[in-house]
1. Per the Cauchy relation, a quarter of the hull surface: what is the mean projected area of the convex hull of the alpha carbons in region 83-230, in nm²?
2. Can you give the helix-only mean residue ellipticity at 222 nm for the chain, where every DSSP H stretch with n ≥ 4 adds -39500 (n - 2.57) and the sum goes over all residues, rounded to the nearest 500 deg cm²/dmol?
3. Over the Cα atoms of region 115-190, what radius of gyration and what Dmax do you get, in Å?
4. Which distance in nm do the two modelled labels at residue 335 and residue 175 give, with both placed 7 Å along the Cα-to-Cβ direction?
5. What is the gain in length, in nm to one decimal, between residue 39 and residue 247 on full extension, counting 0.36 nm per residue of separation less the C-alpha to C-alpha distance?
6. Would you report the distance distribution of C-alpha pairs in the chain as whole percents per 10 angstrom bin, up to the bin with the largest distance?
7. Please determine, in degrees from 0 to 90 and to the nearest 10, the orientation of helix 96-107 with respect to the longest principal axis defined by the Cα atoms of the chain, where the helix direction is its Cα long axis.
8. Only Cα pairs under 8 Å and at least 6 apart count here; give the relative contact order of the chain as a rounded whole percent.
Ligand code: UD1
Ligand code: UDP
């Protein structure tokens, strides 16, 4: 079995790391990095900390408008697929790198497999929603992290090739939690103590690319009863500059560089609560038992809301302040995202589809 895995952005490195490890035990993997994220802090550090093999190909696409970025990825990925002739193209999540892979795979009549299939926000203004829906519809194999994702796919008529696997990010966090406690010194470096600070991240285009929304989020965070640490994505940093909002950063709302995975997991594990618009961070907070305020109006990770670990607060400063001050207690502790063996399940499913020689068996 030869698998071509396509990654490009920070959360995809985390997801691919756990699958890649299992995959390389039983088959051949050609890892392609589109280059969507290229800064050391958004890319290399994940490969080092998660021991991800050096990508066989780096397409070097970097930042551009969404259309041009996706088009460049498609143009650069197609010859790689032609040259390496994989049995399956394995895609992760909902970025432009995911969509580019889905288009190349379907145009070349390859089997496309999508990890984290079936998530929906029903918000078509999010570029990620477009990427998810198109990718799922171009995929022969949909690996769904939750039962809600399976239902979402069924509602769009996608039932063949759908497999509930659980969430690979749970596998990743189980591995990283202990390692981060042993290895990370980030609490000491930032001079914060367990349960005595709030962690925040903001990078979603809908929040960062609108001055009043970004200012309102920063005002809400600044009203926290505890110090706030905000490792900022480069997109956010450039908007803080463009909108002249750097004065919102203070000793109590500390804006720092993006962190490596182990330092970030350590902070998330130790934080009193987190405020974020990240998809991955909402789930990781849930896995680590850290209460989460989501800086959006909706979420794909509905289970975290249902059980009371996550609250939607949007971008309104007052709602954020109330959420940061309210001492709510989560209602239950379910396991909607599997048991930490999602990567193994995915690799087994791929194995059952393709025999050792790489010929397709069945769907
Ligand atoms: C992308 C994904 C988003 C995901 C996020 C993970 C899409 C449409 N968006 O958003 O779903 O949640 O990654 O972090 O695919 N930049 C740098 N250095 C880098 C990369 C980006 O400075 O290494 C800056 C550039 O100014 C760029 C901006 O960040 O224009 C946005 O980068 P881009 O990859 O387009 O989208 P993200 O916001 O990172
Ligand atoms: N992350 C990190 N350092 C940071 C911020 C996030 O290592 O400074 C990790 C986080 O633990 C999670 C992933 O990056 O695994 C989430 O990425 P992001 O929020 O950029 O994207 P999303 O999940 O929203 O697509």
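Laboratory data are not the source of any read-out in this text; all were calculated from the coordinates shown. Just so we're clear, the structure is a prediction, and the values are computed from it rather than from any experiment. Because the Cβ atoms are built from the backbone with ideal geometry, glycine has one as well, and the counts that use them run over all protein chains shown.
1. Values: hull surface 49.3 nm².
Average projection, Cα convex hull of region 83-230: 12.3 nm².
2. On the way: 16 runs with 167 residues, N = 363.
Here the helix-only value at 222 nm equals -13500 deg cm²/dmol.
3. 16.6, 51
4. A separation of 1.9 nm, rounded to one decimal place.
5. Numbers: separation 208, 0.36 × 208 = 74.88 nm, distance 2.52 nm.
Value of the extension gain: 72.4 nm.
6. Computed distribution, short to long bins: 5, 25, 35, 24, 9, 2, 0.
7. Taking the Cα atoms of the chain, the angle to 96-107 is about 20 degrees.
8. Working: 712 pairs, mean separation 60.8, N = 363.
Value for the chain: 17 percent.
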